[in-house]
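For reference, the structure is listed below as structure tokens.
What follows is calculated from the coordinates using simple rules that are stated; it is not laboratory data. Not measured: the values here are computed from a predicted model. Ideal geometry is used to build each Cβ from the backbone, glycine not excepted, and the neighbour counts take in all protein chains shown.
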Amino acid sequence: MTRYDTNPFEEEQEVNPFSEETAKGKRSGPSSYGGGAFYTTDVKAKEKELQAKEAELKRREQEIKRREDAIARAGIVVEEKNWPPFFPIIHHNIADEIPIHLQRVQYVAFTTWLGLVLCLLWNIVAVTTAWIKGEGPTIWFLAIIYFISGAPGSYVLWYRPLYRAMRTDSALKFGWFFLSYAVHIAFCIFAAVAPPIIFKGKSLAGILPAISVLGDNALVGIFYFIGFGLFCLESLISIWVIQQVYMYFRGSGKAEEMKHQAARRTVMAAV
């Protein structure tokens, strides 16, 4: 064995991790400080980006709130569609927007609007049976036109004006409601009778067509009699509604207010 060979029985020399040589060795190895600095910079950049997004969201929220406050001060009500719940197409919230002493009348008025939709829908059913039994397609197309124009038209022309009149207590909106609702009542009474004038006689399920078709086909006659009953019920409830609204209108002094507003607008238009 030469003097350059290592002794296998010699104890291994312990290495002190805190010695100067070990420290030098560590310093001489690859450094990871560069990666740490890059990671810190990346985190700071993302943090700044999040802070900027948060500030932008706060700014937008403040802007939206400012606009909502301005709309509220101007007396404008944002009508969010919420009815029917499964497919909202209109705004309707009697419990929260209509004064409690007017809610009953408003609910019944809403019932008359739904009742008119039901009457026109049943009218299609009755006329369809008459068409199948040989009355021709013309009356069926007319029944479809009545429904397509009557259901949304009644909402726009008299139910929504009444809703807004009750909510805002506007005299002019009440005036428009009385005019359009009177036309609605006249139509329901006309449909209940359904004389063969203006409209094609059997396109409306009234009493006269019911008597006429009853002899030819009992089933069609029964369908027309049901339609007659629905139009009669709709007419009676609608008459009650317009009476109640008119009593409130006169008792609250809205009639005089409407006269003054109409006179003021006439003067302003003339000037």
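Over the residues of segment 97-170, compute the C-alpha Rg and express it relative to 2.2 N^0.38 Å.
My calculation over the Cα atoms of segment 97-170 gives 1.45.
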Given 171-179, 80-88, 144-152, the highest-first ranking by average Cβ count within 10 Å works out to 171-179, 144-152, 80-88
Amide H contacts under 5 Å for Ile90, restricted to residues at least 5 apart in sequence or on another chain and with H modeled in the peptide plane, are Asn82, Trp83
Rounded to one decimal in nm, the spacing of the 7 Å Cα→Cβ label points at Leu118 and Asp96 is 2.8 nm
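Suppose the chain between Trp176 and Asp216 were pulled fully straight at 0.36 nm per residue; how much longer would it get relative to their current alpha carbon spacing?
Stretched out fully, the Trp176 to Asp216 stretch lengthens by 10.0 nm.
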Along the dipole axis of segment 142-225 (charges at Cβ: +1 for Lys and Arg, -1 for Asp and Glu; origin at the Cα centre), the most positive-end residue among Tyr159, Ile211, Ile145 is Tyr159
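Sort 122-130, 46-54 by packing, meaning the average of other beta carbons within 10 Å per residue, with the highest value first. Numbers along the way, then the final one.
On the way: 122-130: 22.2, 46-54: 10.0.
Top of the packing list down: 122-130, 46-54.
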The FRET efficiency for Val193 and Glu79, from their Cβ-Cβ distance with R0 = 30 Å and rounded to 0.05, is 0.20
Placing each pseudo-label 7 Å from Cα in the direction of the beta carbon, Ile239 and Thr168 end up separated by a distance in nanometres of 3.2 nm
Under the Karplus relation with 6.51, -1.76 and 1.60 and θ = phi - 60°, whole-Hz ³J(HN,Hα) for segment 80-85, x at Gly and Pro, equal 8, 5, 9, 9, x, x
